[in-house]
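Following: one structure in structure tokens, then a few remarks.
The values are calculated or read from the model by the stated rules, or taken from the named source; none is laboratory data. Treat the numbers as computed from the prediction; the structure is a model and nothing was measured. A quick note on method: Cβ atoms are made from the backbone with ideal geometry, for glycine too, and the neighbour counts reach across all protein chains shown. Side chains are part of the model used for accessible areas, which takes the heavy atoms of the whole protein and leaves out ligands, DNA and RNA. Shrake-Rupley method; radii C 1.70, N 1.55, O 1.52, S 1.80 Å.
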Amino acid sequence: MSNVNSAAKKPTALRGGARRIVMIAMLSAVAFVLQFLDFSIPFLIPSFVKMDVSDLPALIGAFSMGPVAGSVICVIKNLLHMLIKGSTGGVGELCNALLGIAFVVPAALIYRGMRKNPASSPEEAKRKGRIAALVGCLVGSAAMGILSVPINYFITYPMYTIFMPMDAIIGMYQKLIPSVNGLLSCLVIFNMPFTFVKGILCSIITFLIYKPISGFIKGR
């Protein structure tokens, strides 16, 4: 009997694995498309720093399938972008992938960890799920914002200096706040809160659409 049960479980496991691969591929494709729908907010940050919600599919994938799936979506999205539109030798895509992973991994770990404790009722389970998602998104957004400083300081902006002198880059920040002095100050004052807001924007959209989408991803 145990052999029969094991044989029956194998096709189910294979189907589940195949579905997981398909969902990761689908979410990666959506993230890739969203990456092209970026826009600048010139009165808040220099126009070469773009806002987008391409980390949204990765966050949904991380919540529904785990942090590894979310990280894979971040990587595939940027590999596609590098192959089709890449103009920075992969440096911009590398930084985008690192920031996306910094966002979705802590968010998913907290979300899944806080939901492990059993709930006494469906209402309590729903409430705990919302709290876990909220805490996870806040921590993930903060992690992405904080890590944006060293990632941009040591990787992204040294690459930018190939095309534009550092003084000119800092000058674009000084047009908004003349008192800023030095790249580190620019990143802390502008890029860190900007990146945090980007995470919050992705989180808000996830809260609005996650419930019906997660059922489809999980095959319910």
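Given the conditions (1) open to solvent by 30 Å² or more (accessible area, probe 1.4 Å); (2) more than 21 Å from the chain's Cα centre (by Cα); (3) under 20 Å from M51 (Cα atoms), and given that M192 satisfies all but one, which numbered condition is not satisfied? M192 satisfies all of (1) open to solvent by 30 Å² or more (accessible area, probe 1.4 Å); (2) more than 21 Å from the chain's Cα centre (by Cα); (3) under 20 Å from M51 (Cα atoms) except (2).
When residues of the stretch 199-220 are filtered for being part of a helix (DSSP H, G or I) and open to solvent by 60 Å² or more (accessible area, probe 1.4 Å), how many remain? Quick ask: steps written out before the conclusion?
Here is the first cut: in the stretch 199-220, the ones part of a helix (DSSP H, G or I) are 199-217.
Remaining after also requiring open to solvent by 60 Å² or more (accessible area, probe 1.4 Å): 201, 204, 207-208, 211-212, 216.
Here the count works out to 7.
Beta carbons closer than 8 Å, at least 6 apart along the sequence or on distinct chains, pair a first residue in the stretch 61-73 that is in contact (Cβ under 8 Å) with a residue 24 or more places away in the chain and within 13 Å of R20 (Cβ to Cβ) with a second that is in a helix (DSSP H, G or I) and among the basic types (K, R) for M65/R20; G66/R112; A69/R20. Of all residues in the stretch 31-40, those being under 18 Å from T156 (Cβ atoms) and either of a type in the set (A, V, I, L, M, F, W, C) or touching a residue at least 24 places away in the same chain (Cβ under 8 Å) (or both) number 1. When every residue of the stretch 116-124 is checked against the conditions, at least one turns out to be outside any helix (DSSP H, G or I) and of a type in the set (K, R). Residues in the stretch 162-189 that are surrounded by 13 or more Cβ atoms within 10 Å (Cβ to Cβ) and either of a type in the set (S, T, Y) or outside any helix (DSSP H, G or I) (or both): M164, Y173, L176, V180, S185.
Please go through the stretch 77-88 and give me each residue that is open to solvent by 80 Å² or more (accessible area, probe 1.4 Å) and either in contact with a helix residue (DSSP H, G or I) (Cβ under 9 Å, 6 or more places away or on another chain) or not in a helix (DSSP H, G or I) (or both), ordered by number.
Narrowing the stretch 77-88 to residues open to solvent by 80 Å² or more (accessible area, probe 1.4 Å): 79, 83-85, 87.
Within the stretch 77-88, L79, I84, K85, S87 meet the criteria.
Suppose the filter is at pLDDT below 95, open to solvent by 40 Å² or more (accessible area, probe 1.4 Å) and farther than 27 Å from L27 by Cα; does S120 pass it? Considered against the rule, which asks whether it is at pLDDT below 95, open to solvent by 40 Å² or more (accessible area, probe 1.4 Å) and farther than 27 Å from L27 by Cα, S120 comes out as yes.
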